[in-house]
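The values are calculated or read from the model by the stated rules, or taken from the named source; none is laboratory data. This structure is a prediction, so every number in the text was calculated from the model and none was measured. Because the Cβ atoms are built from the backbone with ideal geometry, glycine has one as well, and the counts that use them run over all protein chains shown.
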Amino acid sequence: MEQENRSIKTFIGWTEIYNRLEFLKSAYEPNTQFYGVPRGGQIIAGMLGNAVDKIEQADVIVDDLIDSGATLRQYEKYNKPFAALIDKRKEYNDEWIVFPWENHNGNIEDNVTRLLQYLGEDVTREGLKETPKRYVKFFKEFLTVPEWNFTTFSSEGYDEMIVQTNIPFYSLCEHHIAPFFGYGHIAYIPNKKIVGLSKLARTLDLFAHRLQNQERITTQVAEFLQEKLDAKGIAVSLSAKHMCMEMRGVKKHDTWTTTTKLIGAFKKSDEARLEFFNSIKK
């Protein structure tokens, strides 16, 4: 395969590959033997069947594509028919063709481009030219939480509930990679240690900025805080709107889902549990 340097990439999917192979096969007898031009043509010959290693044994020479025609001219001396999956003299003239086997571990931005093309978008239009790069940057940024220290201090005898309410959070549904977002409420009853207030919000971000489900975030936040603080009680409640439920599927708008995890005193004591739920209603 030889291609000139072009900026527009077109990704050829497996369905199109199979359709083109069937069309190519139909032009020859069932027992036709194919010699594949290294390396792309070898893949095509193998997929067509009846592939041979020596060009002298072949009835037809095949390649994955014809671009400028240089390879075609190189093999003219063998006086054998030359066929290709794609002939760029007839189609895809100004585009860089990328076959599935060329992109196994390719640039992640190329995969985003492939997805946009699959969805029928014109990836050459102004608004989409930089979209693959921005899309990848968004995920890297969102799924990377800056490092921070879980700073604790002596409670100095304080042993009543500490609650932080209405902490905004954002996450991505692991089933559809659709956003869900809302507010978190976190409370704990100290057992000799208290934590800097910002660390409660940071803990929520730590577990929310992942491909997640709401139930897991709730549990992970509560268990993480209990491990760090050895508190007498931990309470976590999250309320969120899920775009995988509003934008698709059942499409029910303005619906909130609430999840709660209680540990220690908040699970055992009706009084502590009531105090927590009353505080987050305000």
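Scan the range 81-131 for residues that are at pLDDT 90 or above, over 28 Å from residue 69 (Cβ atoms) and either outside any helix (DSSP H, G or I) or not aliphatic (A, V, I, L, M) (or both) and the total you get is 4. Within the range 66-87, residues that are farther than 23 Å from residue 21 by Cβ sit with their Cβ atoms under 7 Å from residues that are loosely packed, with under 13 Cβ neighbours inside 10 Å, at 6+ positions apart or across chains, in these pairs: 68/4.
Kindly provide the set of residues from the range 229-282 that are surrounded by 15 or more Cβ atoms within 10 Å (Cβ to Cβ), in contact with a strand residue (DSSP E or B) (Cβ under 9 Å, 6 or more places away or on another chain) and among the charged types (D, E, K, R), ordered by number. Once the filter is applied, which keeps residues that are surrounded by 15 or more Cβ atoms within 10 Å (Cβ to Cβ), in contact with a strand residue (DSSP E or B) (Cβ under 9 Å, 6 or more places away or on another chain) and among the charged types (D, E, K, R), the range 229-282 yields 232, 241, 261, 273, 275. Looking at 217, 263, 194, just one residue is in contact with a helix residue (DSSP H, G or I) (Cβ under 6 Å, 6 or more places away or on another chain), at negative phi, modelled with pLDDT of 95 or more and in a strand (DSSP E or B), and that residue is 263.
Do we find that residue 60 is aliphatic (A, V, I, L, M), touching a Ser or Thr at 6+ places or on another chain (Cβ under 9 Å), at pLDDT 95 or above and farther than 24 Å from residue 135 by Cβ in this structure? Full working, then the answer.
Numbers: aliphatic (A, V, I, L, M): yes; touching a Ser or Thr at 6+ places or on another chain (Cβ under 9 Å): yes; at pLDDT 95 or above: yes; farther than 24 Å from residue 135 by Cβ: yes.
The answer is yes for residue 60.
Is it true that some residue in the range 55-63 is crowded, with 17+ Cβ neighbours inside 10 Å and under 19 Å from residue 110 (Cβ atoms)? No.
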